[in-house]
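Have a look at this one.
The values are calculated or read from the model by the stated rules, or taken from the named source; none is laboratory data. Remember, it's a predicted structure, so these values are computed and weren't measured experimentally. Note: ideal-geometry Cβ built from the backbone for every residue, glycine included; neighbour counts use all protein chains shown. Just the protein is used for accessible areas: all its heavy atoms, side chains included, with ligands, DNA and RNA removed. Shrake-Rupley method; radii C 1.70, N 1.55, O 1.52, S 1.80 Å.
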Amino acid sequence: MNSSRRDFLKAGLVIASGLTGGLGRALAADSTPKPPRPVLVAVREGSRSAMLDRALAELGGIGAFVRPGQTVVIKPNIGWDVPPERGANTHPELVARLAILCREAGAKSVSIFDHTCDQWQRCYATSGMEQAAKDSGATLVTGDDEDMYREVAIPRGVSLRSAKVHRLVLDSDVYLNVPVLKHHSGSLMTGAMKNLMGVVWDRRIYHSTDLHQCIADFCTVRPPTLNIMDAFHPMVRNGPRGRAEADVVELRSLLASTDIVAIDAAASRMLGHDPGAIRHIPLAAALGVGVMDLEAVDIRRHKLT
Amino acid sequence: MRRLLRPLRRTLGLACLAALTAAFVDFRGLVPAQLSHWLAAIQFAPALRSAGAGLAAATVLLLIVGATLAFGRVYCSTLCPLGLLQDVMARLAAWVRPRPRPLRFVPGNRWVRYGVLAAVVVGIAGGAGAVVFTWTDPYSHFGRIATGLFRPLLVAANNGLVPASQHFDASWLYRVPFRWPAPAVALPALTLLVLLAVLVAWRERIFCNTLCPVGTMLGLFARHAAFQITLAPEACTKCAACLKACKAQCIDLRRGRVDASRCVGCFNCIAACPEQGLAYACVWTLPAVAPDPDTCPSAPVADPTRRALLAGLAAMAVTPVLAAGEPRRRRGNPAPDESPRGPAVPPGAGSTRHFLSRCTACQLCVSACPTQVLQPAGLEHGFAALAKPLLDFEHAFCNYDCHRCGEVCPTGAIAPLSTAEKRLTSVGVARFEPSRCVVETNGTDCAACSEHCPTKAVFTEPHRNNLRLPRVDEELCIGCGACEYACPVRPVRAITVSPRAVHTRAKPPTDAVPATPPVKGDFPF
């Protein structure tokens, strides 16, 4: 037993030493590290579906993210028991369109869930998500069952060192984060990173530890395959639940990016903030989750007519 | 016709029991609130409890009494869930251990029957109606049995099936948070269920025709019912087949009579008689007994049975009046708005005082509450109000747009409110203690309370070091408990709801001015 392990290690060392030469040279050739410029697509003035189609076309189509036979989980914001026009939840039209595209791309299954704040059945029904799932052939799954969550270590986390995460997020091949852009009374803004609080079981630990740091820490667990932000009519006050339809402004916008920090940085600008003012954005950038400096982002702007 | 009686009774009874059981064990909100309400509102005691306050309840009461005067105690075999439950128990017992029924006719025990009824009437007249109704109403007993015992079993069974169902991708089956039933509900319910099991095994419906005050009261009318079960002496061979079938032991074969005040109208005897010697026929020979005492010609000789009927009517007539008036304020009692503070009671209750006096702790609202913020009290409301609901913000909060509790309540303890009214009904007010808040103690942002607040009574203001500290606008607060529920501080939360003994109307949130876009330009980046 011992000898075989020693042999194995020896063999490993030999291979490794052989490799490092090549690898070292390869790295040296690229020694002035140009971080890859993340792509951010910003679309305006279209229907939610049209803007989604345009954004995906810019990113290489849905086929660039969903391959036949893969399992997909869509994580919209369905936190509140309010109708779509209030802007507290991701709009069901956007989610339905995305689910249909995933199915057309050959996805084996498309699941939708959120760990809601209000009572979950009421949230799913009132938000229109139940109907959206039915119309698009997606499966709406409860986020209110602790047995569906598994403990995950977060080695890169500063404040949040572990969390119980919904198994759909851990097990699905494709993980699509579809937040809605809103004002938030605690974190000033809720966007893509904050939306991921809805995939963990215990949110209280975020609030009682360090909300912004925990939001940033969690992004190191599994970055979403793609982030698509519904900014059609962002709620700009009384967030995140809102009080009335008068709380939203119609911007008719949609953002999409694989970089969760870049998309939140752009979104914060839309709400009139400097990205640095939303503390979890610089904290996540510092953890290397994504790019906060929008100058370093390949932003593709489209205005549909 | 005689052949149809028993199937008709069985169909109605089974439908009623199944529907009411479903209303109480429904952990997925599948039973429509209006159906739940009406299944409960057509029960005798809830109707009697609220007859003084509502036309619908008074109508229900008149219909039940009218039906009893016409057909006998059919209520006990078609509508009363506790009676029907005993029928099911007898069925199960016969299935497990078949044995012949007692053949004996047992004369009614007048002392026990009328003693219990008199005690109930005296209790209500003495101002203890809130307690008496709660612990003598068969419907409320059933509610506690179904909610306290059946429902947890069903939830556990559901949760047990969930892992297996996932192999079949059955997302329609999902886990429901299991809660151990509150002892204040489950222990009395279990005690009664065991007692019923013993009584059913001993003498089947003896609870209904001897102990139950509703049964005794209806019996006062039933003994004068137009349609009664009659024995044809010429056909009777004294084979006693009817006695074997009788669950009320009320067929006096020797005298050829059926005690209609104890007969629960199951019609088993009619079906059992091989000679077809039993009939269900009109026994009224006008003008001997008139259906309506008001139009009844005054009898020349005092008839003891008619006296009983009048006594029943009188007792029933004063009950709602007494019930509506109580609890009577004793000398030195504080004014209602200064009454001692208990836990919060649901919106629509008006005040804790009104709520506790009307509620019979049937648990229908507790079952119907989608967030389960409504929970039966232990001793929080006091011993006299054991098992009556309270708002428990420890594990849940009251949904802003929901008023299912008021929709289902059969006694008017929780009045139905429109969604608009519900949103402005303040059952308590949030109190914020900054010294406990994580924003102060940790120096980090939180705002879980304000995040959950539906009216923005809890909002945040800029605080030191770029933080945001919660504040409460008490005029906007409706006491829904979302802030208290969400607050992460333990053991004592930084924001808690202080209940109002008398509910008030909150200030409507004003959002007349539309929000404006924060930045100009198509792409501010």
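Search the stretch A:241-251 for residues being more than 11 Å from A:His184 (Cβ to Cβ) and touching a residue at least 24 places away in the same chain (Cβ under 8 Å), and hand back the single one that is farthest from the other protein chains (Cβ to nearest Cβ).
Step by step, filter the stretch A:241-251, then rank; the result is A:Glu245.
Next question. Scan the stretch B:285-306 for residues that are open to solvent by less than 60 Å² (accessible area, probe 1.4 Å) and either modelled with pLDDT under 55 or not β-branched (Val, Ile, Thr) (or both) and jot them down. Give the derivation first.
Restricting attention to the stretch B:285-306, the residues satisfying the condition of being open to solvent by less than 60 Å² (accessible area, probe 1.4 Å) are B:288-290, B:293, B:296, B:299, B:303, B:305-306.
Result: B:Ala288, B:Val289, B:Ala290, B:Pro293, B:Cys296, B:Ala299, B:Asp303, B:Arg306.
Among the helices (runs of 4 or more DSSP H) confined wholly to the stretch B:1-118, which include 1 or more residues that are closer than 19 Å to B:Lys247 by Cβ and more than 14 Å from chain A (Cβ to nearest Cβ)?
Numbers: elements: B:2-25, B:33-41, B:44-50, B:55-71, B:75-78, B:81-96.
Output list reads B:2-25, B:55-71, B:75-78, B:81-96.
Could you tell me whether A:Phe218 is more than 22 Å from A:Arg44 (Cα to Cα) and among the aromatic types (Phe, Trp, Tyr)?
Details: more than 22 Å from A:Arg44 (Cα to Cα): yes; among the aromatic types (Phe, Trp, Tyr): yes.
Taking the combined requirement at face value, the residue satisfies it.
Check B:Lys456 against each of (1) touching a residue at least 12 places away in the same chain (Cβ under 8 Å); (2) closer than 19 Å to A:Val236 by Cα; (3) assigned to a strand (DSSP E or B); (4) open to solvent by 10 Å² or more (accessible area, probe 1.4 Å) and name the one condition it does not meet.
The one condition B:Lys456 does not meet is (3).
Quick one: how many residues across the stretch B:233-279 are open to solvent by 50 Å² or more (accessible area, probe 1.4 Å) and not in a loop (DSSP other than H, G, I, E, B)? Working first, answer last.
Here is the first cut: in the stretch B:233-279, the residues open to solvent by 50 Å² or more (accessible area, probe 1.4 Å) are B:233-234, B:237-239, B:244, B:254-255, B:257, B:271, B:274-276.
Pick out the ones that are also not in a loop (DSSP other than H, G, I, E, B) and you get B:244, B:257, B:271.
So the count comes out to 3.
Just checking, does the stretch A:230-240 include any residue being open to solvent by 20 Å² or more (accessible area, probe 1.4 Å), within 25 Å of A:Arg161 (Cβ to Cβ) and facing chain B (nearest Cβ under 10 Å)?
No, the stretch A:230-240 contains no residue that is open to solvent by 20 Å² or more (accessible area, probe 1.4 Å), within 25 Å of A:Arg161 (Cβ to Cβ) and facing chain B (nearest Cβ under 10 Å).
Identify, please: which residue in the stretch A:190-210 is touching a residue at least 40 places away in the same chain (Cβ under 8 Å) and under 18 Å from B:Leu469 (Cβ atoms) and is, among those, nearest to the other protein chains (Cβ to nearest Cβ)?
Only one residue fits best here, namely A:Asp210.
Here's another thing I want to ask about it. Give me the residue from the stretch B:170-196 that is open to solvent by 90 Å² or more (accessible area, probe 1.4 Å) and assigned to a loop (DSSP other than H, G, I, E, B) and, out of that set, nearest to the other protein chains (Cβ to nearest Cβ).
Taking the candidates together, the pick is B:Trp172.
Among the numbered conditions (1) more than 19 Å from A:Met51 (Cα to Cα); (2) in contact (Cβ under 8 Å) with a residue 12 or more places away in the chain; (3) open to solvent by 10 Å² or more (accessible area, probe 1.4 Å); (4) more than 10 Å from every other protein chain (Cβ to nearest Cβ), tell me where A:Ile278 comes up short.
(3)
Moving on to the next point. Can you tell me which of (1) open to solvent by 20 Å² or more (accessible area, probe 1.4 Å); (2) outside any helix (DSSP H, G or I) is the one B:Ile229 doesn't meet?
The failed condition is (1).
Out of all the residues in the stretch B:501-517, which are surrounded by fewer than 20 Cβ atoms within 10 Å (Cβ to Cβ) and either basic (Lys, Arg) or assigned to a loop (DSSP other than H, G, I, E, B) (or both)?
B:Arg505, B:Lys507, B:Pro508, B:Pro509, B:Thr510, B:Asp511, B:Ala512, B:Val513, B:Pro514, B:Thr516, B:Pro517
Here is a further query. Answer with yes or no whether B:Pro470 is buried (at least 23 other Cβ atoms within 10 Å of the Cβ), within 13 Å of chain A (Cβ to nearest Cβ) and assigned to a strand (DSSP E or B).
yes
Quick one: B:Asp473 ticks every box in (1) under 21 Å from B:Leu356 (Cβ atoms); (2) in contact with a strand residue (DSSP E or B) (Cβ under 9 Å, 6 or more places away or on another chain); (3) of a type in the set (D, E, K, R) except a single one, so which number is it?
Tallying (1) under 21 Å from B:Leu356 (Cβ atoms); (2) in contact with a strand residue (DSSP E or B) (Cβ under 9 Å, 6 or more places away or on another chain); (3) of a type in the set (D, E, K, R), B:Asp473 fails exactly one: (1).
Right, another one. Count, please, the residues in the stretch A:97-127 that happen to be closer than 30 Å to B:Cys369 by Cα and of a type in the set (A, V, I, L, M).
2
What do you reckon, is B:Ser140 modelled with pLDDT under 90, open to solvent by less than 20 Å² (accessible area, probe 1.4 Å) and part of a helix (DSSP H, G or I)? Working first, answer last.
On the way: modelled with pLDDT under 90: no; open to solvent by less than 20 Å² (accessible area, probe 1.4 Å): yes; part of a helix (DSSP H, G or I): yes.
No, not satisfied.
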